[in-house]
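Heads up, the thing below is written out as structure tokens.
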Amino acid sequence: MTARMSVVIPAHDEATVIGRLLDVLAGDPRGHELELVVVANGCTDTTARVAASYGASVTVVEIEEASKIAALEAGDRAATVFPRAYVDADVVVDVAALLALADELERPGGPLVASPRLEVDTDGASWPVRQHYRIWELTDYRRTGHIGSGVYALSAGGRRRFGRWPQVIADDRFVQQCFLPGERRTLDEHAFTVRSARTLPAHLRRSTRIARGNLELPGELQHATAASGGARAASLVRRVAARPDLWMAFAVYSVTSTLPRVTARRLIAEQSEPLWARDDTTRVTA
């Protein structure tokens, strides 16, 4: 049977976790409806070997460069089907969610980009990290067509919105902002899971990388309109003000969201070399 959707999975040294994702996708009775393409980029571990162990159900592409953007390019060259999903190797998403994305993107008049609802797993995370995500869930960013942060899918028309993948850190933010809110769709009835950092230092490192990636996105690559930062902050304050049980969490969030942005701006000003700052606290043996 011909696959209904291609799934590109960039993977850099993800041998300990990629099996968790591939077990779900390749092991599902409807898994044959997905063309799974794992791009092992610059790996020094057994990522490619683990992916190849799933046999014909997974196409493995190996490239020498340790670069997610290079992996996305290689994945697009190897994939043959639209709609096309781009899935981080350390997330958990099931076949039903991906096929629901395919249905939505193939619907006449449907969106150009879509994502399942994101759930952040904070189990085992430190208290400050858990408080941060309690407030983050209330932000406008999460409430207004949030796309990406681990899984997003494009129709053929959506992929034509841009040519080559730009050399950016924040590919998911780039993709989201290529589309106006009316061109996006978040499937609330389906979810994927991302594990939060387990420690505050790991969380701050990850958040700094994300903040830097967002700040470095060239303005000409961004087409979607968005409310000003002040308007978004005021909206969040109004939501929190009515809930005293969140005031302490908001105090934590004010620090954990501001410090990474300040650090990111300093790193950009210093023109320091970007570091991936990967969070290894979530990469335990699957």
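Residues in region 82-99 that are closer than 12 Å to residue 153 by Cα and either assigned to a strand (DSSP E or B) or open to solvent by less than 20 Å² (accessible area, probe 1.4 Å) (or both): 83, 84, 85, 86, 87, 97, 98, 99.
Looking across region 102-139, the residues that are among the acidic types (Asp, Glu) and open to solvent by 30 Å² or more (accessible area, probe 1.4 Å) come down to 103, 106, 119, 121, 123, 137. When each of 232, 243, 239, 205 is tested for being modelled with pLDDT of 85 or more, more than 29 Å from residue 21 (Cα to Cα) and either of a type in the set (S, T, N, Q) or open to solvent by 80 Å² or more (accessible area, probe 1.4 Å) (or both), the lone residue that passes is 243. In the set 17, 8, 50, 58, only one residue is buried (at least 20 other Cβ atoms within 10 Å of the Cβ), in contact with an Asp or Glu (Cβ under 9 Å, 6 or more places away or on another chain) and without any contact (Cβ under 8 Å) to a residue 40 or more places away in the chain; that residue is 50. If I filter region 52-81 down to residues being closer than 29 Å to residue 197 by Cα, among the charged types (D, E, K, R) and not in a strand (DSSP E or B), which single residue comes out as nearest to the chain's Cα centre (by Cα)? Checked region 52-81; the qualifying residue nearest to the chain's Cα centre (by Cα) is 68.
Assigned to a strand (DSSP E or B) and at pLDDT 95 or above: does that describe residue 39? Yes: the conditions hold for residue 39.
Reported count of residues in region 185-218, each being touching a Phe, Trp or Tyr at 6+ places or on another chain (Cβ under 9 Å) and over 30 Å from residue 266 (Cα atoms), is 0.
The set of residues in region 107-131 being farther than 21 Å from residue 172 by Cα and either part of a helix (DSSP H, G or I) or of a type in the set (D, E, K, R) (or both) consists of 107, 123, 127, 128, 129, 130, 131.
The values are calculated or read from the model by the stated rules, or taken from the named source; none is laboratory data. Everything quoted here is computed from the prediction, not taken from an experiment. Backbone-built Cβ (ideal geometry, glycine too); neighbour counts: all protein chains shown. We work out accessible area using only protein heavy atoms, side chains counted, and drop any ligands, DNA or RNA first. Shrake-Rupley method; radii C 1.70, N 1.55, O 1.52, S 1.80 Å.
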